[in-house]
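The values are calculated or read from the model by the stated rules, or taken from the named source; none is laboratory data. Values in this document were obtained by computation on a predicted structure and should not be read as measured data. Reconstructed Cβ throughout: ideal geometry from the backbone, glycine too, with neighbour counts over all protein chains shown.
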Amino acid sequence: MAKTVKKTEIDLLTIDPSRAGKEEPAAADPSENKAPGRFKRFSFVIYMLAGMLIISGGIMASVLLGWVSISSPVEQPTKIKTTASAVSAKPAQKPREIGPTIKLNALVINLNEPDGSHFIKTSMVLELEKAEYLEEIQSRTALLIDTAILALGDQHLSDLRNPDYKDQLKKVLTGKMNQRLQAQKIKQLYFDEFLYQ
C-alpha cells in the first residue's frame, strides 16, 4: 500500500524549480477595500456638520434681525390698566444733575470708644454749589479734612451701625464744612468708601 505524502510549500519549491524565487501575490489588504466606505462616512459627517452650521446661523440671523423673538414662558407681558388721572398725576422726573465735585483723600479715624480699638475708614466726594468754587475748595482741602476728622472722631460705633445714621452724618459733615468755609459752597457730601470696625 502506497502512502501519500502531503507536500508543503517548501517541498513544492524544491520540486518545482520554475516557482523558485517567485513570490505569490499577497492577499489584498482589507483596508484598501474599506477606503471608499470610510470616505463616504466621513463626507456624510462633514455634510451633517455643515448643514447644522447653516441652520443655526440662519436661526441666529433671524433672532438678531428681529424676525423671530425668543421669550421664556415665565416672562409673559402683563397688561397694566392706566387711567388718565394716573398718567397725569406723576410726571416723569429727570434725574438730578450733579455739579462739580472734589474727592478728598481717604481717612482712617479712631472712633470715640472707651477701648480705642474701633475705627472708621472713609473717603468723601464733595459736590459744590458752583463751578467757581472749585479752585478755592481745592486750596482749602486741608481745612475740610481737618473738619471731617474732628466730626468723625466724635462718632460711636453703635451709631454707625444704624443705616439711617449715615444720612444724618452727611448732613452734619456738610454743615460743619460750610461753617468753616463761612459760606454755603458745598451742596452735598457723598461717601465714596465707608468701613468701620
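Helices (runs of 4 or more DSSP H) fully within the stretch 118-197 that include at least 1 residues being out of contact with any Leu (no Cβ under 8 Å at 6 or more places or on another chain) and closer than 17 Å to residue 104 by Cβ: 134-139, 141-153, 165-181. For the stretch 138-178, the tally of residues that are under 19 Å from residue 190 (Cβ atoms) and acidic (Asp, Glu) stands at 2.
When you look at residue 139, is it loosely packed, with under 10 Cβ neighbours inside 10 Å, modelled with pLDDT of 90 or more and either more than 24 Å from residue 196 (Cβ to Cβ) or among the small types (Gly, Ala, Ser) (or both), yes or no? Judged against the criteria, residue 139 is a match.
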